[in-house]
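Quick notes on the structure that follows.
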Amino acid sequence: MKELNPTVAAIAPSATLAISSKAAELKSQGVKVCAFAAGEPDFDTPECIKRACAEALAANKTRYVAAAGLPQLREAICEKLATENKISYEPGQVIVANGGKHALSQVFLTMLKPGDEVIIPAPYWLSYPEMVRVAGGKPVFVTTHVEDHFLMTPEELEAAITPRTVAVVICTPSNPTGMMYSPAQLRALGEVAVKHDLWVVSDEIYEKMVYGEVEQASMASFGPAFYDHTITVNGFSKTYAMTGWRLGYAAAPKPFAKALSSLQSHMASAPNTFAQWGALTALKEAAPDVAKMVAAFAERRTLIYDLLAAIPGFKCPKPQGAFYVFPNIEAYGMGSLEFAQRLLETKHVAVVPGVAFGDDRCIRLSYACSTENIREGLARLAEFCKELRG
């Protein structure tokens, strides 16, 4: 058999999916599992969005559209970015992709030459490094700490820059930590990027899931220099409970957007046409549904944080956005993978080991689940930790 592409062959499987698969296996055996692994809202897609998609199907809106996406949807995204994020883009600068992952993968493929370095604060969303490697780049990690709320400082960013650095990835609110950069902190990171002529890949997929402590801001909104160095990436999956619809987008300066659109025209063309009509309605009509979901997440955030804070040995800043908590478990004297495996096997609680996110000192719990699941799961986790302490 011929050898595979070594870069692809070396891709690490998703630890999130591995834990979810083991949990599913237990469930199939009749075991009640308290799952905190999956990173998707547990709400149904709002009715107005589903209705718009069904109407598009009934009207036979099932043919190809422009490779960069449905023109009406790109116009609506521009309106959204101008109104909510204070960023001015034209439709030609927006590429609608097959999910946020697809958008990000194409951004790195467009951006990187072999050996180019991309700075990624750790902990990080587990797909960033693999995307960079597949695109021929090299991920460079900046380790952050629970005591600093897992936020990279401008000094740490600058120290990681080398002559081969071309970009830095900023995800705020963060998956996996739930922490956010304030506008001032974000601007300070952007100033370093501009100074060194770096791209900023600004992942804003969780922008609506914020809970009041920190104001959400977009890097490209801070001024012309920031705009010229920023690729804004977002999508519909988290905000509108549309994970399976596979719709994301990237907005970029014109030369970058033109290249990105050309790449997509050969890799995938436009995403599902009738799903895009649903996304258009999401932007125009689904705000009340989003508000209800975010209110529910806010209540769950408080509940899960309070229950975690009561477990001796756990260190965990209160998340400010997204729907994750990322407690430090160093006090229990084992790595995150062993901790997660033993927790699942003995107490049937599924969490994601932090090693998947570049931090073996922590575990990730998603609170995109019911309050009943949170209460029972955290009771089991507390019992597990009590037994470990003896």
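No value in this document is a laboratory result; all are computed from the given coordinates. Values in this document were obtained by computation on a predicted structure and should not be read as measured data. Note that we place each Cβ from the backbone using ideal geometry, even for glycine, and neighbour counts take in every protein chain shown.
Taking a straight line from the alpha carbon of K2, these lysines sit under 28 Å away, with near neighbours fewer than eight places off in the same chain left out: K113, K138. Applying the Karplus relation 6.51 cos²θ - 1.76 cosθ + 1.60 with θ = phi - 60° to the stretch 72-79 yields 3J(HN,Hα) values of 5, 5, 5, 5, 5, 5, 4, 4 Hz, where x marks Gly and Pro.
Within straight-line reach of K32, meaning a Cα separation under 19 Å, sit the following lysines at least 8 residues removed in sequence or on another chain: K22, K347.
For the stretch 63-285, the C-alpha radius of gyration divided by 2.2 N^0.38 Å, with N the number of residues, is 0.95.
Neighbouring Cβ atoms within 10 Å as the yardstick, rank L247, L308 fewest first. Walk me through the intermediate numbers first.
On the way: L247 27, L308 19.
Ascending number of Cβ neighbours within 10 Å: L308, L247.
Placing unit charges on the Cβ atoms of the charged side chains and taking the dipole of the chain about its Cα centre, the candidate lying farthest along the positive direction among A160, A310, A76 is A76.
Panel note: the C-alpha atoms of the stretch 94-194, placed on their principal axes, show extents of 34, 31, 23 Å (largest first). The chymotrypsin sites (Phe, Trp or Tyr not before Pro) found in the stretch 32-72 that occupy coil by DSSP, while having at most 14 further C-beta atoms within 10 Å, are Y64.
Close amide H pairs (under 5 Å, H built 1.01 Å from N) link R364 with V352, G354, residues at least 5 positions away or on another chain. Listed by chain and number, the lysines whose alpha-carbon sits under 20 Å from that of K315, ignoring those within fewer than 8 places in the same chain, are K386.
Within the stretch 84-176, which trypsin sites (Lys or Arg not before Pro) sit in a loop by DSSP and count at most 12 neighbouring Cβ atoms inside 10 Å? The partial results should precede the final answer.
Values: sites: K86, K101, R133, R164; in loops: K86, R164.
Passing both the DSSP loop test and the Cβ count: K86.
For M209, nonlocal amide neighbours, meaning residues 5 or more places apart or on other chains whose placed amide H falls under 5 Å from its own, are A322. Is the shape of the stretch 278-390 best called rounded, prolate or oblate, per the rule: a/c under 1.5 gives rounded, else a/b larger than b/c gives prolate, else oblate, with a ≥ b ≥ c the square roots of the Cα gyration tensor eigenvalues? It comes out prolate by the Cα gyration axes. Spatially, the stretch 1-80 and the stretch 341-390 are offset by 25 Å when compared through their Cα centroids.
Counting DSSP beta bridges in the chain, what percent are antiparallel, to the nearest 5? Before the final figure, lay out the partial values.
Working: 15 of 35 bridges.
Expressed as a percentage, antiparallel bridges in the chain total about 45.
3J(HN,Hα) along the stretch 157-165, derived from phi through the Karplus expression 6.51 cos²θ - 1.76 cosθ + 1.60 where θ = phi - 60°, amounts to 4, 4, 5, 8, 6, 10, x, 9, 6 Hz, with x in place of Gly and Pro. In the chain, the longest principal axis of the Cα atoms and the axis of helix 287-309 are about 30 degrees apart.
Each helix, a run of at least 4 DSSP H residues, gives -39500 (n - 2.57); summed and divided by the residues of the chain, these come to -13500 deg cm²/dmol at 222 nm.
Assign one of three labels to the stretch 173-270, namely rounded, prolate or oblate, based on the Cα gyration tensor with a ≥ b ≥ c the square roots of its eigenvalues; rounded applies when a/c is under 1.5, prolate when it is not and a/b is larger than b/c, and oblate otherwise. If you can, show how the numbers build up before the last one.
Values: a/c = 2.63, a/b = 1.10, b/c = 2.39.
The shape class here is oblate.
With θ taken as phi - 60° and the Karplus curve 6.51 cos²θ - 1.76 cosθ + 1.60 applied, the whole-hertz 3J(HN,Hα) list for the stretch 321-333 is x, 6, 9, 10, 10, 9, x, 7, 10, 3, 5, 9, x Hz, x standing for glycine and proline. For G99, the amide hydrogen comes within under 5 Å of the amide hydrogens of L247, G248, counting only partners 5 or more places away or on other chains and with H modelled in the peptide plane. Computed over the stretch 20-121, the range of Cα coordinates on each principal axis works out to 52, 49, 29 Å, biggest value leading.
Over the chain, calculate the relative contact order: mean separation of alpha carbon pairs under 8 Å at least 6 apart, over the residue count, as a percent. Provide the component values of the computation, followed by the final result.
Working: 757 pairs, mean separation 94.4, N = 390.
Relative contact order comes out at 24 percent.
With angles folded into 0 to 90 degrees, how steeply does helix 47-58 sit against the dominant principal axis of the chain? Use alpha carbons for both and round to 10. Value to nearest ten degrees: 50.
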